[in-house]
Amino acid sequence: MRKQLRLGIMGGTFDPIHYGHLVTAEEALVQFNLDRVVFMPTGIPVRKTHRAVTSAEHRYLMTVIATASNPDFEVSRLEIDRPGPTYTVETIHALRDLYGLHADLFFITGADAVWDILTWKDSAELAEACTFIAATRPGFDLGRFSEERERGIRIETMEVPALAISSTDLRERFAGRRPVRYLTPEAVAAYAEKNSLYSDGTTR
Ligand code: NAP
């Protein structure tokens, strides 16, 4: 009989990717006994109307660079190649088409993003199709998801101290020419600098 695959999908804007994201994916892999984690850079984030986002191709390439050495990590172009705003439910449908019922899907992302999941497109359908792994910083109120759980959404939480690192802080550090070493892989920092992604506070 074909073995059921436990597939982690690491959703995020990754603008830029940093060690907090990488530690989160590795923790999820081990804690939830996943076979692999597929990083899924968002194409056009639906909620980011307050700021410009770096082009999808740059964010995708930085994600590839950051994950290249880990045999359990992959990066997907599914969302960045799909036109229009990125809805997670469409990604889950595409993965279901690909894997059928042979995969259990675990959507991993930041707890702050999962916080408003009931307002996401087709959240009831999402509840049926996958389990959410919400990565939190220490001190996050783990009781916060009681309403979502009552509505049938499967949400697991995972405390990740390395999530004190944030993409917002990294962008400010690049713009202010402050150190980013040990916050993101050196090759990611070199890529961002070479392409002047965050140097003047605007996005490319
Ligand atoms: P966000 O609002 O930019 O992020 C909220 C918080 O979560 C930030 O602190 C962020 O830190 C952290 N975070 C984001 N992705 C993470 C990850 N993979 N691991 C750990 N922490 C993470 O979130 P977003 O990037 O726009 O959205 C997150 C995911 O939810 C994406 O896949 C997006 O497509 C999906 N989403 C779907 C819908 C929908 O279908 N309607 C709506 C909203 C979000 P950093 O800034 O440091 O990453």
Completion exercise
(1) more than 9 Å from the ligand (Cβ to nearest atom); (2) of a type outside the set (F, W, Y); (3) not in a helix (DSSP H, G or I) all hold for I108 apart from (1)
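Of the residues that sit in region 165-191 and are outside any loop (DSSP other than H, G, I, E, B), within 19 Å of the chain's Cα centre (by Cα) and of a type outside the set (V, I, T), which one is surrounded by the fewest Cβ atoms within 10 Å (Cβ to Cβ)? Reasoning before the result, please.
Step one: of region 165-191, the residues outside any loop (DSSP other than H, G, I, E, B) are 167-175, 181, 184, 186-191.
Narrowing the set further to residues that are within 19 Å of the chain's Cα centre (by Cα) leaves 167-171, 184, 188-189.
In the following step, the residues that additionally are of a type outside the set (V, I, T) were identified as 167, 169-171, 189.
Working: S167: 20, D169: 15, L170: 23, R171: 20, A189: 20.
Looking at residues that are outside any loop (DSSP other than H, G, I, E, B), within 19 Å of the chain's Cα centre (by Cα) and of a type outside the set (V, I, T), I get D169.
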Exercise for the section: Examine region 44-58 for a residue that is touching a Pro at 6+ places or on another chain (Cβ under 8 Å), more than 11 Å from the ligand (Cβ to nearest atom) and at pLDDT 95 or above, and state whether such a residue exists. Expected result: yes
Problem - Qualifying positions in region 13-36 - under 13 Å from the mean Cα position of the chain (by Cα) and either part of a helix (DSSP H, G or I) or more than 10 Å from the ligand (Cβ to nearest atom) (or both) - result: Y19, G20, H21, L22, V23, T24, A25, E26, A28
Exercise for the section: Return the total of residues in region 141-164 being assigned to a loop (DSSP other than H, G, I, E, B) and either over 18 Å from the mean Cα position of the chain (by Cα) or aliphatic (A, V, I, L, M) (or both). Expected result: 5
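The values are calculated or read from the model by the stated rules, or taken from the named source; none is laboratory data. Fair warning: this is a prediction, and the values are worked out from it, not measured in the lab. Reconstructed Cβ throughout: ideal geometry from the backbone, glycine too, with neighbour counts over all protein chains shown.
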